Amino acid sequence: MATSPGVLTSGEFSASRLLQIDQVEGLLRLQKAAQKINSILDLDELIDKIVNDVARSFGCVEANLYLNDVDRGEMVLTGVCGCTVHGKGQRLGIGKQGMVGYVAATGQMRYAPDVRLDQYYIACEESTLSEVAIPLLVEGQLVGVFSASHTELDAFPPEQLRLLQALCMHIAVAINNARRFQQERHERQKMTREAHEARAIQQGLFPKSSPYIPGFAISGLSIPAGAVGGDWYDFIPFGDGCWGLVLADVAGKGTGAALLMSATRGMLRSLAETCTSPAEVLTKLNRLLAEDFPSGRFVTMLYAVLNPTLRTLTFASAGHLRPLLVNGHGARFLDSERGIPLGLGFGNFSESKVHLPEGSRLVFYSDGITETESPEGEEYGSGRLQQHLQQPDVSAESILTDVRRFANGAGLQDDATVIFLKA
């Protein structure tokens, strides 16, 4: 019986229906595969899954994945499934060797329904009769090339080729993301190692222990906000029994501040051995730093000389926070008339001297102490430090513990350093 034009016979309808089902199944398979590969960030695991899954899903005798070595202009075999001839690390010149090299150069898929007739095909498995190579591109940039081989002639019909091309778009993005993640992870690991090394070196510049000074107990403590910091303290012994006490704060944080702190430490220790007074030390140190420091960088510093025999402390300040003294007359901050931060310009420094009778307490501190904020944004402040210093069991450790307790898990926003002296 004749059929009307445009009306499908039962056989044609069944074939059309089967084609639709195959297409839907193919799209579902593509979606599932894309979801899997886009969730993997480990590059080796991702490549291994790609070549094995594709080979299994499409019945391929071989599936390979080459990545682009931009520096050498070569494609490097990084994923292999089913190949008994070539192993990982094989290199093909872009535009020079094989279907992979051709695809890498042109950015176009190449399909060889009969590899025996393809001029670019490089023989591999004897059973291979057809092969396809597809570029992996991200925003027009070559990431790699994916190739699949089959034992049958013309084994990849147009629907499968379109499916593979669509899958390769997802593969390219997944590989690009995994490579970036791997690179960033390596950079983080490198930075972490370098930060640990820098921290170890910086910690070696701090005093190894508290000095023994008859009639006085003295200690220091410094906690950087990051791996390294710009705060520094030191105890410098002199031949006449006196001691130099230093607490400094380089503007900024991190590695840059730590480098400047290290340079400042070396200069000050050299000057302390030859200069007679704190004011003279800061004057000469400032002249050196003003000539050498980068623009906008500076150091605030307290430098003092403790004479345990006379029980006096003579100090000079370079724009640093005022020392806090507690004695029989109560708690008070010690002022210094003149003293700009070191490195900003040339200027003069004044000295102040205080007597330290038995029971006196003195603290040098950095702004990481007083400017620490609570979760509500309130600063610790000089008032809380003043109250804490009047407690009978106060120490350098107790000051920093109190500051951390005040932050209540918010962490230190700046390096925190303290020198505590008790007569």
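Coordinate-derived values only; no laboratory data. Note that the coordinates shown come from a computational prediction; the quantities given were computed from them, not determined experimentally. Every residue, glycine as well, gets a Cβ built from its backbone with ideal geometry; the counts of neighbours run over all protein chains shown.
Tabulated data
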{"quantity": "Alpha-carbon spread of the range 225-296, three principal axes, descending order, Å", "calculated": "38, 26, 14"}
{"quantity": "Cβ-placed point charges (K, R +1; D, E -1), dipole of the range 204-422 about Cα centre in debye, nearest 20", "calculated": "420"}
{"quantity": "Mean Cα-pair separation over length for the range 111-246, i.e. relative contact order, pairs under 8 Å, 6 or more apart, %", "calculated": "15"}
{"quantity": "Least to most buried among ARG91, ARG180, ARG361 (fewest other Cβ within 10 Å first)", "calculated": "ARG180, ARG91, ARG361"}
{"quantity": "Proximal charge balance of VAL326 [Cβ under 10 Å; K/R count +1, D/E count -1]", "calculated": "+3"}
{"quantity": "Those lysines that a straight Cα-Cα span of less than 29 Å connects to LYS422, excepting residues fewer than 8 apart in one chain", "calculated": "LYS208, LYS353"}
{"quantity": "Rounded, prolate or oblate (a/c below 1.5 giving rounded, otherwise prolate when a/b exceeds b/c) for the range 204-422 by Cα gyration tensor", "calculated": "oblate"}
{"quantity": "Dmax and Rg, reported as Rg then Dmax, of the chain (C-alpha, Å)", "calculated": "36.5, 127"}
{"quantity": "Computed over the chain: relative contact order in percent, which uses C-alpha pairs under 8 Å that are six or more apart", "calculated": "11"}
{"quantity": "Environment charge at GLN390 (Cβ cut-off 12 Å; Lys +1, Arg +1, Asp -1, Glu -1)", "calculated": "+2"}
{"quantity": "Length-normalised contact order of the range 21-184 in % [C-alpha pairs under 8 Å, at least 6 apart]", "calculated": "24"}
{"quantity": "Environment charge at PHE406 (Cβ cut-off 13 Å; Lys +1, Arg +1, Asp -1, Glu -1)", "calculated": "-3"}
{"quantity": "Cα-based reach from LYS49 at 26 Å (exclusive), listing lysines while leaving out same-chain residues under 8 positions away", "calculated": "LYS32, LYS36, LYS88"}
{"quantity": "Taking TRP232, TRP243 and counting other C-beta atoms within 10 Å, the order from fewest to most", "calculated": "TRP243, TRP232"}
{"quantity": "Calculated [θ] (222 nm, deg cm²/dmol) that DSSP helices of n ≥ 4 give over the chain, each run adding -39,500 (n - 2.57)", "calculated": "-13000 deg cm²/dmol"}
{"quantity": "Burial ordering of SER147, SER210, SER352, fewest other beta-carbon atoms within 10 Å first", "calculated": "SER210, SER352, SER147"}
{"quantity": "15 Å Cα-Cα reach of LYS96 towards aspartates and glutamates, excluding residues that sit fewer than 8 places from it in its own chain", "calculated": "ASP69, GLU74, ASP118"}
{"quantity": "Leading residue at positive end of dipole, the range 219-350 (Cβ point charges), from ASN327, VAL299, ALA248", "calculated": "ASN327"}
